[in-house]
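Student: This is the structure, below, for whatever I ask next.
The values are calculated or read from the model by the stated rules, or taken from the named source; none is laboratory data. This is a predicted model, so every value here is computed, not measured. A quick note on method: Cβ atoms are made from the backbone with ideal geometry, for glycine too, and the neighbour counts reach across all protein chains shown. Please note that ligands, DNA and RNA were not included when accessible areas were found on the heavy atoms of the full protein model with its side chains. Shrake-Rupley method; radii C 1.70, N 1.55, O 1.52, S 1.80 Å.
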Amino acid sequence: DVVETQEHYKSRWRSIWIMYLTMFFSSVGFSIVIMSVWPYLQKIDPTADASFLGWIIASYSIGQMVASPLFGLWSNYRPRREPLVVSTAISVAANCLYAYVHVPHSHNKYYMLTARALVGFGAGNVAVVRSYIAGATSLTERTSAMANTSACQAVGFILGPVFQTCFTLIGEEGVMWKFLCLQLNMYTAPVLFGAVLGVINIILIFAIFREHQVDDMGQHYKSISSDGEGSDVLDQNTEGSIDHVAVVALNILFFVILFVFAVFETIATPLTMDMYSWTRKKAVFYNGIILSVIGIESVIVFMVVKTLSKKTGERAILHAGLLVVLVGFFILLPWGKKLPNIQWQEIKNNSVPSTAPSEMLTPFWSLPELQLPSNHTEPVGCPVTQSWCLNTPMIHLAQYISSDVLIGLGYPVCNVMSYTLYSKVLGPKPQGVYMGWLTASGSGARILGPVFVSQIYTHLGPRWAFSLICGVVVVSLLLLEIVYKRLIAFSVRYGRMQE
């Protein structure tokens, strides 16, 4: 083994900090336009409808799901700088394309779809980032480094909409740069800002990032040459097979964690509009505040688990996090007798639509109140087209807020512990492909989660939707119990270290 010098230690942690920054820039690139996609889409292409918006939002995750294993495979056989620079360059080009989607005379929505898919494709470098951090940290450093990575990602998601809000001061018209055929406005300025961040990221990767790898004990088994790049040195600590049962189980658990959080994000606006008769503007505003608070809560949790995991271990914290998420969704189940208000616009001839025979026995004093806003400009309340509105009790605001707090606590715990355990199970071997599959499973969850909840919630209501989610979390807890003893570090499994 090569003993790590102070110079190597500093170089290794400078490179890890560049990876933190890469994660931050990547998440900013996703969230900086998320609030303005719909109005910009309507502006550039009136033929686009809400269903096409869904495809544009999903295209990011689809692009990331495809790219993650590819970049991960690349990073296993070549210097990681290559996939990092190429992926970031793709994101920069995609952001520039997004800024020009208003220029063509037709099919503008497809150009926007392509741009967002390419931004997601570039974000496939998350697999490279996490595999590098896993390989460049010892077991004792791993949890802290993974928590910092997730915290940087969370801060990027929080600050992205803040940057977007600042750019709204430019206005919809903005400034026209004829020599570039570019209209700089509240829609294009954020993506151009994201492109600038990408260019800065590429410069930092070339200037500061160096290849480093240590074993689970923290000893270098990469010899650092004069130019700072590493050359492989065979090490006995890499001998042994990976526990693929544990790997598959953690992929499933990670899918469930991302799936339930995607459901939570997706359902927030329609649920609050249905239950509390909020207008679109109120729902977006209040839920925006709630999600921002949850983001801050997540960053605090990321910092706390770094210390807590040293006392209890990652498996116990993952178990606790899943239990907290389960309680959060259980609280969302409708209880009581008070029914939500019904949208006034859906009622024709003062009649309530026909219901199932058992529902017709409901006395008239228990029927939901009709919501009739004074301005009659926007229907509010639970739409009568959702038949469950007539017999499902409302979810009280206290239930909703309590659930938000618990899910905001449980999700970041599960996220960090999944990545940490996964990297420890894989051991010191190159993790690019495996991290690619883990990232891809998370992207798949973000695609399927919104589709699942939109169908179940619309047709069957919150009781069915949240009951099924509770069932999924219970199954994941049972899976964790089954594989609990297998979720140990590679070196511990082969007796090279004590747990």
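Student: Name the pairs whose Cβ atoms lie under 9 Å apart, with the first residue in the range 433-446 and closer than 12 Å to Ser418 by Cβ and outside the structural domain of Leu84 (by the TED database), the second of a type in the set (A, V, I, L, M) and open to solvent by 20 Å² or more (accessible area, probe 1.4 Å), and 6 or more positions between them or separate chains?
Tutor: Thr439/Met65; Ser441/Met65; Ser441/Ile252; Gly442/Met65
Student: Right, something else. I need the full set of residues from the range 43-62 which are β-branched (Val, Ile, Thr), within 28 Å of Glu173 (Cβ to Cβ) and assigned to a helix (DSSP H, G or I), in order please. Spell out how you get there, then give the answer.
Tutor: So the first thing to find is which residues in the range 43-62 are β-branched (Val, Ile, Thr), and the list is 44, 47, 56-57, 62.
If we keep only those that are within 28 Å of Glu173 (Cβ to Cβ) as well, we get 44, 47, 56-57.
If the condition is that a residue be β-branched (Val, Ile, Thr), within 28 Å of Glu173 (Cβ to Cβ) and assigned to a helix (DSSP H, G or I), then Ile44, Ile56, Ile57 are the ones that fit.
Student: Assess whether Ser11 counts as being hydroxyl-bearing (Ser, Thr, Tyr), at negative phi and surrounded by 20 or more Cβ atoms within 10 Å (Cβ to Cβ).
Tutor: Here the answer is no, as Ser11 does not meet what is asked.
Student: Next question. So which strands (runs of 3 or more DSSP E) are wholly in the range 178-264 and hold at least 1 residues that are at pLDDT 80 or above and under 30 Å from Ala93 (Cβ atoms)? Before the answer, list the steps.
Tutor: Details: elements: 182-184, 222-224, 230-232.
The strands (runs of 3 or more DSSP E) meeting that bar are 182-184.
Student: Looking for whichever is under 22 Å from Ile290 (Cα atoms), assigned to a helix (DSSP H, G or I), of a type outside the set (Ser, Thr, Tyr) and open to solvent by 10 Å² or more (accessible area, probe 1.4 Å) here; the options are Val413, Val433. Which one fits? Walk me through it before giving the result.
Tutor: Values: Val433 fails: under 22 Å from Ile290 (Cα atoms).
Val413 is the lone residue from the list that is under 22 Å from Ile290 (Cα atoms), assigned to a helix (DSSP H, G or I), of a type outside the set (Ser, Thr, Tyr) and open to solvent by 10 Å² or more (accessible area, probe 1.4 Å).
Student: From Ala398, Ala440, Ala445, which residue is surrounded by fewer than 20 Cβ atoms within 10 Å (Cβ to Cβ), of a type outside the set (Val, Ile, Thr) and at pLDDT 85 or above? Even if it seems obvious, please write down each step before you answer.
Tutor: Details: Ala440 fails: surrounded by fewer than 20 Cβ atoms within 10 Å (Cβ to Cβ); Ala445 fails: surrounded by fewer than 20 Cβ atoms within 10 Å (Cβ to Cβ).
Only one candidate passes the filter, namely Ala398.
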